[in-house]
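The values are calculated or read from the model by the stated rules, or taken from the named source; none is laboratory data. Just so it is clear, the model here is predicted, and its values are computed rather than measured. Because the Cβ atoms are built from the backbone with ideal geometry, glycine has one as well, and the counts that use them run over all protein chains shown.
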Amino acid sequence: MQIARLRIAFGYIDDNIYPAIERTISGGYKYKMTTKCWEPPVEEAEKIVQKLAKGVELALNPPEVRVGVTPHDVVFTENKLRLLHYHPVTEKTHRVPLIMIFALINRPYILDLKPGKSVVEVLLKKGIDVYMIDWGIPGDEDKNLNLDHYINRYIKKVVQRVKTISGSDRISLMGYCMGGTMSAMYTALYPQDVKNLILMTAGIDFKVDGMLNLWGDKPNFDVDKFVEAHGNVPAEFLQAGFLLMKPVQNLISKYVSFYENIENEDFVENFLAMEKWINDNIPVPGEVFREFIKYGYQENLLVQNKLRINGRVVDLKNIRCSVLNLIAEQDHLVPPASSMVFNDLISSKDKDTIVYPTGHIGLSVSSKALRDLWPKVADWLISRSK
Amino acid sequence: MNEEKFDYIGFYKKFYEAWEKTMSEGIDMWTKSPLLSAGETGDKTPGFDPVVYYKRFYEVWEKTMSEALEIWLKSPFFAATMGKTIEKSSEFKKYLDEVMEKSLKNMHLPTKSDIDRVLASINNIEAKINDLWDKIDELKLSAKASPKKSAE
């Protein structure tokens, strides 16, 4: 119906309007309207209408997107924290279990987005025993939780529980983003617990050239006033900050690309899953945010081995286990230089760095990384977990 | 990056280049469109596809604007202005919250802080229970390891 109307409209313009305009402006102008040179793009218009209709339909009735669906049990809870233990899909290749620690910003299911787009799935297929910490959604009553509580209470408790369940006296840790920084801190404080440490885009040196590093620095951001006023850091604040880092790509290009690929079902499915994750921001407990900004972005204490958690110095030289440092080459959140320095600060002899050509999130969801990088990471881990 | 290091002239130049490239592309697109053909004879432009033209214009705009905006967002001036705005809005929010808290207290009503304190206490109790469970597990393990000793 719409297409028929368009055809009639273009036909009418072609037969009546253009000649009329031409008659009106004939003679005195250099430029002249011509009717014969341009065929009305009826087919293109037809496609555009169809695509727009589909876009409107998806916006009004978005399909249910199921994320984080790899089967698992919840084996430990405390406050909002849940420890997930994934069901094995093949025979275990070794006893040392792996604990994944995600950032306190956004939800951890980015590591298990959907079947076929899941780091967890790749690791399970390789026979690794996988656990993951889901920090949950902090309430206002959690505003006083600090780095001490997260590292010396939550992560320590989780490690103990995993050791008990698996019967292994040591575990492997894999931390992503802020979770990577916390994993490094934990390993420095409890080196006896950790057999292997994998860091994914972990911020270590905060005095590097980066947008967040500039915005979070001392003269620009008064974190004390902010936390005193807000308690927890609102999810919307973080979301707005991340969108602002690449405004054209996040607010325009992404949707143009979606429109162009709207007929590709795989693309649409992946797009909606990613959108769900990106918009699933959670608040960050105020106190841990204050410490992270102050001790990290403003004073850069971790690289100087001056950071103290509950009176104990976090000395990165205490890290002696095998280390794999995964860095995203086009990371705009944690600049590669921020993570690169880590291997030079630790005492481990067995340490590797992989700089992969992708972005901060691409490291865990890009098809290329899941196909080429993660099987290699799994092999690296298995060979060191015997 | 501090105020001295930031090249404002370079930034404005970049911004001008972005504007200039986008505008040239736009004008080019318009002049080549068959709606305006040169001369009075009415030259034909076969195979004209407005979508391709629009796409080229959009791509130029996207690339140049992203570059220019990135430089702007990385400028110390932007960071300082944004920081100041956040600071002032935080002060205002804190003031409003304090007024609300005092008003509720004067009316002898529980405030959000009171509820948060209760919830935090429940969380502490849960943590203590978890510790006790761990202790019980440890005792069970040691009892299994030395059954005679525990029987005595």
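Things to note:
- Evaluating A:His149 against the criteria (1) away from chain B (no Cβ under 12 Å); (2) surrounded by fewer than 23 Cβ atoms within 10 Å (Cβ to Cβ) leaves one unmet condition, (1).
Residue by residue, here is whether (1) more than 19 Å from the chain's Cα centre (by Cα); (2) closer than 27 Å to A:Asp148 by Cβ; (3) outside the structural domain of A:Leu113 (by TED's automatic domain parsing) holds:
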| residue | (1), (2), (3) |
| --- | --- |
| A:Pro283 | no, yes, no |
| A:Leu307 | yes, yes, no |
| A:Arg312 | yes, yes, no |
| A:Asp315 | yes, yes, no |
| A:Asn325 | no, yes, no |
| A:Glu329 | no, no, no |
| A:Ile361 | no, no, no |
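- Of all residues in the stretch A:214-233, those that are facing chain B (nearest Cβ under 7 Å) have Cβ atoms under 9 Å from Cβ atoms of residues that are part of a loop (DSSP other than H, G, I, E, B) and among the hydrophobic types (A, V, I, L, M, F, W, C), 6 or more apart or on another chain, in A:Leu214/B:Met1; A:Trp215/A:Phe221.
- Among the candidates B:Glu62, B:Glu126, B:Glu91, residue that is closer than 30 Å to B:Thr31 by Cβ, assigned to a helix (DSSP H, G or I), of a type in the set (Asp, Glu) and within 7 Å of chain A (Cβ to nearest Cβ): B:Glu62
- Some residue of the stretch B:61-81 being over 30 Å from A:Pro247 (Cβ atoms), surrounded by 12 or more Cβ atoms within 10 Å (Cβ to Cβ) and of a type in the set (Gly, Ala, Ser): no
Each row is one residue, and each column tells you yes or no for (1) outside the structural domain of B:Gly26 (by TED's automatic domain parsing); (2) at pLDDT 90 or above.
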residue	(1), (2)
B:Thr64	no, no
B:Glu70	no, no
B:Ala79	no, yes
B:Lys93	no, yes
B:Ile115	yes, yes
B:Leu119	yes, yes
B:Lys128	yes, yes
B:Asp131	yes, yes
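- In the set (1) buried (at least 24 other Cβ atoms within 10 Å of the Cβ); (2) assigned to a helix (DSSP H, G or I); (3) within 21 Å of the chain's Cα centre (by Cα), the condition left unmet by A:Thr187 is number (3).
- Residues of the stretch A:199-213 that are of a type in the set (A, V, I, L, M) and surrounded by fewer than 24 Cβ atoms within 10 Å (Cβ to Cβ): A:Val208, A:Met211, A:Leu212.
- Scanning the stretch A:112-123 for residues that are in contact with a strand residue (DSSP E or B) (Cβ under 8 Å, 6 or more places away or on another chain) and surrounded by fewer than 23 Cβ atoms within 10 Å (Cβ to Cβ) turns up just one, A:Glu121.
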